[in-house]
Amino acid sequence: MLFHPDQMKTGIYIAIWILFSSCTILFNKWILGFFPYPIFLTTWHMFFASVGTFTLKKTTNLLNSLDENPISNQVYFSNVVPIGVFFAASLIFSNKVYLYLSVSFIQMLKAATPIVVLLLSFVMNLEKPSAKLFAIIFLVSSGIAIASYGEIDFVFIGVLFQVLGIVVESIRLVLVQILLSNNGLKFDAICGLYLFAPVTFFFFLKFSYQSILSFTLIIFFYYLFLDFCH
């Protein structure tokens, strides 16, 4: 057999992830083309992510690893909350950039994220510098520079938002690694979303006037739903 069954299963999962990720990116770009309120949309995204993961935890076994790896209040407020805040900042910058740059150019710039993560890992002593890693950084950086040179849709404010998004997203990823390694925790992406989405949602509510409107609409539809149920 050319491929092991586990390798084929992994390849299928990766292909599905790429498909849905690409569809989500294009869908976001399409929505923001006629509804340019990224924070409003992201607030709703985090609201439904919070409700969805809470429902999954109560009705399925997909989040059982959270029960196997309980998180103390100290760890929650010192590690989970900061990650949620950086997650919020990453979503804000990553969505606002679609108002200024093309999808293809955004994806070129996002390729720099692993570089920033690696550099931050050096600073936090999570990785040890080596000639091999620096060669990889040089090759990826060169590729991004070549791909970005002469970009027709180059808009400085858009590039600035993307750079800020890359930085805060890289910090978030490093903080997640610290959370898992320092506390001996093991959980998957759904469990992570269950922990971080509510923090991100309430961060939006506190610091965004668009989110205040979102919260008002949420309350309105909630009572409308209760009235319908009765």
*So, of the residues in the stretch 90-120 that are buried (at least 20 other Cβ atoms within 10 Å of the Cβ) and among the small types (Gly, Ala, Ser), which turns out to be farthest from SER181 (Cα to Cα)?*
SER94
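Tell me which residues, restricted to the stretch 139-154, are on the phi < 0 side of the Ramachandran plot, modelled with pLDDT under 80 and out of contact with any helix residue (DSSP H, G or I) (no Cβ under 8 Å at 6 or more places or on another chain).
At the first step, the residues of the stretch 139-154 found to be on the phi < 0 side of the Ramachandran plot are 139-149, 151-154.
Next cut, modelled with pLDDT under 80 only: 140-149, 151-154.
Scanning the stretch 139-154 gives SER142, GLY143, ALA145, ILE146, TYR149, ILE152.
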*Residues (surrounded by fewer than 22 Cβ atoms within 10 Å (Cβ to Cβ) and within 11 Å of THR43 (Cα to Cα)) located in the stretch 182-198*: PRO198
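The values are calculated or read from the model by the stated rules, or taken from the named source; none is laboratory data. Fair warning: this is a prediction, and the values are worked out from it, not measured in the lab. In this analysis, Cβ positions are derived from the backbone assuming ideal geometry, glycine residues included, and neighbour counts consider all displayed protein chains.
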